[in-house]
Amino acid sequence: MPYQTVSYTLEAGMAVVTLNRPDVLNALNSTLRAEITAAMHRAAEEARVVVLTGAGRAFCAGQDLSEGVTDPEMDLGAVLRDEYEPMLAAIYSCPVPTIAAVNGVAAGAGANLALAADVVIAAESASFVQAFARIGLLPDAGGTFWLPRQVGAARAMGAALFTEPVPAARAVEWGMIWEAVPDDAFDAHWRARARHLANGPTVAYRAIKTALRGSWSRDLAAQLDLEADLQGACGASEDFREGVTAFLEKRPPRYQGR
Ligand code: LHQ
């Protein structure tokens, strides 16, 4: 089925999901939420890395505020449960690595959508805005989960209360994102990063995600146990054999992702 609000490409194991409502800075309406969810599920089946990015000058301006959000019959909680949560789960539970390539402003749920990805790479001109309190809301779409864990309680609270844009370079300094890249190098850079992951040991990447993403809710003994289980599985992968063989033969590995 053709998409109306995202574009989807798959090339050499790299799926690119581009939010494509540039006239409204890729604000999230119901169709876009459903199409991001569907595209992520599709990519999880057929890609070895998934990139989320935005068309035009913004990454995503969050909830589409022209979607009747103040209508008395619109229950924001239901919208979050029924449409945002499946979309976020499709991103953070994706079995292959995910990259948010944040090309411009990421505001409200758009900022937190980016934070749901494994790796956030931003153009230097991009910024992250916890805009919610400007319109009388609290950070949703996982903001109150990711922010304190990534940037600490003080910065999370300040960002949520004052809603000031956090420029990409500061987001790196805070530990909110992986890297900020000069605008003119941004496109080539995230593509190279994505290619690296698409050509990498996919079984190990899945294990890394499982171990790191769940580590906040486990104690040390459980985490060590999980590492042992996952390493057992990685040790049985073809990619592990190839990685060791390539090392001993002093050549780059050719990982097949199994
Ligand atoms: C937009 C939007 C937008 C519609 C720009 N909607 N048109 C979840 C569950 C359910 C409901 C409630 O909320 C949530 C979670 C949330 O995400 S709440 C937070 C929603 N997002 C915001 O509050 C951010 C709103 N946007 C902005 O503050 C600014 O647009 C930013 C800072 C992102 C960019 O500013 P500028 O670069 O100055 O661009 P602009 O404001 O001129 O926007 C360009 C166009 O995009 C403009 O339309 P126009 O026809 O005048 O060219 C805006 O109306 C439209 N647009 N954001 N969220």
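The values are calculated or read from the model by the stated rules, or taken from the named source; none is laboratory data. The structure displayed is predicted, hence computed values, not measured ones. Cβ placement follows ideal geometry from the backbone for every residue including glycine, while neighbour counts extend to all protein chains displayed. These area figures cover heavy atoms from the full protein model, side chains too; ligands, DNA and RNA do not enter into them. Shrake-Rupley method; radii C 1.70, N 1.55, O 1.52, S 1.80 Å.
Exactly one condition in (1) within 16 Å of D140 (Cβ to Cβ); (2) open to solvent by 40 Å² or more (accessible area, probe 1.4 Å); (3) part of a helix (DSSP H, G or I); (4) touching a residue at least 24 places away in the same chain (Cβ under 8 Å) is false for R42; which is it?
(1)
Within segment 107-121, count every residue that is away from the ligand (no atom under 14 Å from the Cβ) and in contact (Cβ under 8 Å) with a residue 60 or more places away in the chain.
Number satisfying all stated conditions: 4.
Select from segment 192-210 the residues that are within 15 Å of the chain's Cα centre (by Cα) and over 17 Å from C94 (Cα atoms) and list them in ascending order.
Once the filter is applied, which keeps residues that are within 15 Å of the chain's Cα centre (by Cα) and over 17 Å from C94 (Cα atoms), segment 192-210 yields only R193.
Restricted to segment 158-181, and to residues that are part of a loop (DSSP other than H, G, I, E, B) and open to solvent by 20 Å² or more (accessible area, probe 1.4 Å), which residue is nearest to R193 (Cα to Cα)?
The selected residue is W178.
Restricting to segment 8-36, give me the number of residues that are surrounded by fewer than 22 Cβ atoms within 10 Å (Cβ to Cβ), of a type outside the set (D, E) and farther than 28 Å from Y255 by Cα.
Matching residues across segment 8-36 total 7.
Taking the criterion of being open to solvent by 50 Å² or more (accessible area, probe 1.4 Å), within 14 Å of the ligand (Cβ to nearest atom) and either outside any loop (DSSP other than H, G, I, E, B) or within 18 Å of G142 (Cβ to Cβ) (or both), would at least one residue in segment 47-66 satisfy it?
no
Kindly evaluate A100 against the criterion of being closer than 30 Å to G13 by Cα and either more than 16 Å from the ligand (Cβ to nearest atom) or assigned by TED's automatic domain parsing to the domain that holds V79 (or both).
Criteria met by A100.
For segment 71-78, check the following and say yes or no: at least one residue is away from the ligand (no atom under 16 Å from the Cβ) and either among the small types (G, A, S) or in contact with a Phe, Trp or Tyr (Cβ under 9 Å, 6 or more places away or on another chain) (or both).
no
Every residue in segment 98-119 that is closer than 21 Å to H41 by Cβ and open to solvent by 10 Å² or more (accessible area, probe 1.4 Å), please.
Of everything in segment 98-119, those that are closer than 21 Å to H41 by Cβ and open to solvent by 10 Å² or more (accessible area, probe 1.4 Å) turn out to be D118, V119.
Which one of these is surrounded by 13 or more Cβ atoms within 10 Å (Cβ to Cβ) and in the same structural domain as E242 (by TED's automatic domain parsing): R155, R206, R213, R191?
R206
What residue, of A116, A131, A101, is at pLDDT 95 or above and over 27 Å from L212 (Cα atoms)?
Every option except A131 fails the conditions.
Among the numbered criteria (1) of a type in the set (A, V, I, L, M); (2) more than 17 Å from L147 (Cβ to Cβ); (3) in a helix (DSSP H, G or I), which single criterion is violated by L88?
Of everything listed in (1) of a type in the set (A, V, I, L, M); (2) more than 17 Å from L147 (Cβ to Cβ); (3) in a helix (DSSP H, G or I), L88 misses just condition (2).
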